[in-house]
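S.K.: Below are the structure tokens for one structure; questions will follow.
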Amino acid sequence: MSTTAHSGDIKDLVDDLYRREGRRIFATLVRLVGDFELAEEAMQEAFSAALESWQKDGVPKNPRAWLVSTGRFKAIDSIRRRIRFDKKVAVMAQELEASYESFEENIEGYDDETFNDDLLRLVFTCCHPALASDARVALTLREICGLTTEEIASAFLTSAGTIAQRIVSAKAKIRDTRIPYIVPSKDDLPERLDSVLAVIYLVFNEGYSASSGAEAVRVDLSSKAIHLGRMLNEILKDPEVSGLLALMLLHESRREARVDSAGDLILLEDQDRSLWKRELIEEGSALVEAVYAGGEIGVYSIQAAISAVHARAKTAADTEWGSIVALYDLLLRAQPSSVVALNRAVAISMRDGPESGLDLIEELLSSGELSEYHLSHAARADMLRRLGKREEAAAAYKEALTLARQEPERRFLERRLKEMSE
Amino acid sequence: MKYMLLVYSEEKAWTEDERNQCMKDSARLCHELAERGQYVDASPLHSVTAATSLRIRDGKRSITDGPFAETTEQLGGYYIIDVENLDEAIEIASRIPPAKKGTIEIRPIENLVELPV
């Protein structure tokens, strides 16, 4: 142990550990004490004990192990205090104390793998498909990202009470139905990972499509999602994890270019490409290339690859539409959906001209599936506009306007509609 | 931990042959569960046309023909299993033959200590 502890240095060290390792230590404590609330309380107490004890006695050789060990003691203490009120808790305390010796033997052997494994348990538990989708999101932000209930509520423009209720019922379900605190077996992994990736992407999109007005007071959900993606990509080798991270980075690279000062949307083809963040594009593109080199390509990776093709075009006119159409063909096979088919039709119109795109879109619309989707009418209107059929285009923009909900999208469609009558 | 697996499906969606095959497959699954010490009880139910519903309101009993709720899928049978956690229950539920046609609802059973053993 080092004995020359300067109080300011210790505080910085503890703060830094809390930021980098807090959620990992929490994940391990959940495994050891078997309860979310108890683990959270124990983790907080362990960090405040560290502040005091390390100033006095110096920093231990393995600070992370010290924090886990101390947290575990704090949990046992807390259970002892509760025993008087609850018999079930007494059983918990007995079990914890009975495992004391084997725990103390093991704790010094806790390495990155142990901590990462516990973090994965936490991730898969919070995103268990038996939990409601909005509960998974709230639980993930609360337990893995360490956001407060109030921060989550303001990010989703809802009340803290609603979020608290969601988290409480999710934790009750975890306890009552005994959702296990484990990393799923190899057989179950693809299905369970889908659920995790969907939560992360939903968080990202919530942040990415947020209207600009309230942004200053909102937690940046996109950066939280990217942080989760990076963390997961570090500890779980899976091509779709890399694919999702790449997709988010490539979207994020265009954040500043996609809206103007009035908060209006700017189409990809009209964006000032010098505003695109090069380092994010490079990181995202490198991830896409690595996934393609591995040969196992899923839906997130294909979408990231499409985004990467756009990112490498110096101007909109330089876009390699042939590559984009080929990728949409692949995506349509991997994930057959009419929305993907619509995007493919738009890409074909960019490669072969608006006539061929229009045929495909009208075919899609006549099947009825997309007739309530504003973007299919907007895309059809755009083909007609490019063909010079102004009246028909105006009618299609009007149709899109009756279905569009988001303000920036509505303003964009109104502008286009006005252009048609000028 | 005990779970009840409630098997819902559309009664009309089964042919006689399919029903017979389903019973055979289900019985085999139950024997397999029993060998692993996970089986508590299981049974198919007669059709909802055999259902009778009863309620007492203001001390007055009323008995009616038919199930409690008219839905497209009907309760057609149940399993009670004893396993470690929800993931194991899900794993067993996904092997119940009607999962392919209907829905299996997985409910943890609450432990009530005052019950006869």
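Read-outs throughout are calculated quantities, based only on the coordinates presented, and are distinct from any laboratory measurement. The structure presented is a predicted model; accordingly, all values stated were derived computationally and were not measured. Virtual Cβ from ideal backbone geometry, glycine too; neighbours counted across all protein chains shown.
S.K.: Take the alpha carbon gyration tensor of the stretch A:47-140, find the square roots of its eigenvalues, order them as a ≥ b ≥ c, and report rounded if a/c is under 1.5; if not, report prolate when a/b exceeds b/c, else oblate. Please list the in-between numbers first.
M.R.: On the way: a/c = 1.80, a/b = 1.23, b/c = 1.46.
Cα axes put the stretch A:47-140 in the oblate bin.
S.K.: Next up: With +1 assigned to the C-beta of every Lys and Arg and -1 to the C-beta of every Asp and Glu, and no other charges, what is the dipole magnitude of the stretch A:7-110 about the Cα centre in debye, to the nearest 20?
M.R.: On the way: 17 positive and 20 negative charges, 57 e Å.
The dipole of the stretch A:7-110 has a size of about 280 debye.
S.K.: How many angstrom separate the Cα center of the stretch B:1-50 from the Cα center of the stretch B:81-117?
M.R.: The stretch B:1-50 and the stretch B:81-117 have Cα centres spaced 12 Å from each other.
S.K.: Quick one: helix A:189-208 against the long Cα principal axis of chain A, what's the angle to the nearest 10°, folded into 0 to 90?
M.R.: 70 degrees
S.K.: I would also like to ask the following. Using +1 on the beta carbon of Lys and Arg, -1 on that of Asp and Glu, and nothing else charged, what's the dipole of chain A about the Cα centre, debye to 20?
M.R.: Details: 54 positive and 71 negative charges, 169 e Å.
Dipole magnitude for chain A comes out near 820 debye.
S.K.: Right, next: What shape does the stretch A:268-422 have by the C-alpha gyration tensor, where a ≥ b ≥ c are the square roots of the eigenvalues, rounded means a/c under 1.5, and otherwise prolate means a/b greater than b/c and oblate the rest?
M.R.: Working: a/c = 2.06, a/b = 1.54, b/c = 1.34.
It comes out prolate by the Cα gyration axes.
S.K.: Still on this structure, I have one more. Putting +1 on Lys and Arg Cβ atoms and -1 on Asp and Glu Cβ atoms, find which of A:Ser99, B:Pro98, A:Ala132 reaches farthest to the positive end of the dipole of the protein assembly as shown.
M.R.: Checking the options against the dipole of the protein assembly as shown, the answer is A:Ala132.
S.K.: For chain A, what is the per residue volume of the convex hull drawn over the alpha-carbon atoms, in cubic angstrom? Provide the component values of the computation, followed by the final result.
M.R.: Numbers: hull volume 75.8 nm³, N = 422.
It comes to 180 Å³ per residue, whole-number rounded.
S.K.: Please report, in whole Å³, the volume per residue of the convex hull around the C-alpha atoms of the stretch A:204-326. Write down the numbers at each step before the final one.
M.R.: On the way: hull volume 13.0 nm³, N = 123.
Considering the Cα atoms of the stretch A:204-326, their hull volume per residue is 105 Å³.
S.K.: Starting from the eigenvalues of the Cα gyration tensor, five times each then square-rooted, give me the equivalent ellipsoid semi-axes of the stretch A:144-198, largest first, whole Å. Can you show the working numbers first?
M.R.: Values: eigenvalues 138, 46, 16 Å².
One finds semi-axes of 26, 15, 9 Å for the stretch A:144-198.
S.K.: Under the rule a/c < 1.5 gives rounded, and otherwise a/b versus b/c splits prolate from oblate, where does the stretch B:55-117 land using the Cα gyration tensor? Intermediate results must be reported in sequence, preceding the final value.
M.R.: On the way: a/c = 3.48, a/b = 1.36, b/c = 2.57.
Here the stretch B:55-117 falls in the oblate category.
S.K.: Could you tell me the calculated FRET efficiency between B:Ser47 and A:Asp15, based on Cβ-Cβ distance and R0 = 60 angstrom, to the nearest 0.05?
M.R.: Numbers: r = 66 Å, r/R0 = 1.10.
Step by step, r from the Cβ atoms, then E = 0.35.
S.K.: On to the next question. How many angstrom separate the Cα center of the stretch A:14-64 from the Cα center of the stretch A:252-272?
M.R.: So the separation of the two Cα centres works out to 42 Å.
S.K.: How much length is gained if the chain between A:Val168 and A:Ser337 is pulled fully straight, taking 0.36 nm per residue apart and subtracting their Cα-Cα distance, in nm to one decimal?
M.R.: Numbers: separation 169, 0.36 × 169 = 60.84 nm, distance 3.54 nm.
Gain in length upon complete extension: 57.3 nm.
S.K.: Another question about this same structure. For the pair B:Arg95/A:Glu391, report the inter-label distance in nm, with labels modelled 7 Å from Cα in the Cβ direction.
M.R.: It is 6.8 nm.
S.K.: Using a basic spin-label model with each label point 7 Å from the Cα along Cα→Cβ, how many nm lie between B:Glu114 and A:Ser159?
M.R.: Label at B:Glu114, label at A:Ser159, 3.6 nm between them.
S.K.: Taking R0 as 51 Å, what FRET efficiency do you get between B:Asp17 and A:Leu330 from their Cβ-Cβ distance, rounded to the nearest 0.05? Let's see the in-between values first.
M.R.: On the way: r = 41 Å, r/R0 = 0.81.
Once the sixth-power term is evaluated, E becomes 0.80.
S.K.: Next question. How would you order B:28-40, A:66-78 from highest to lowest mean count of nearby Cβ atoms within 10 Å?
M.R.: On the way: B:28-40: 13.9, A:66-78: 21.0.
Result, highest mean first: A:66-78, B:28-40.
S.K.: Would you mind calculating the gained length between A:Asp272 and A:Asp134 on full extension (0.36 nm times residue separation, minus the Cα-Cα distance), in nm to one decimal? Display every interim value, and only then the final one.
M.R.: Details: separation 138, 0.36 × 138 = 49.68 nm, distance 3.56 nm.
Extra length available between A:Asp272 and A:Asp134 comes to 46.1 nm.
S.K.: Pairs to check: A:Lys11/A:Lys171; A:Lys224/A:Lys277; A:Lys11/A:Lys56. Give those whose C-alpha atoms are more than 21 Å from each other in this structure.
M.R.: Working: A:Lys11/A:Lys171 33 Å; A:Lys224/A:Lys277 18 Å; A:Lys11/A:Lys56 12 Å.
Cα-Cα > 21 Å for A:Lys11/A:Lys171; rest within.
S.K.: Let me see the pair-distance distribution of the stretch B:2-108: every alpha carbon pair, 10 Å bin width, integer percents in order.
M.R.: 14, 42, 28, 13, 3
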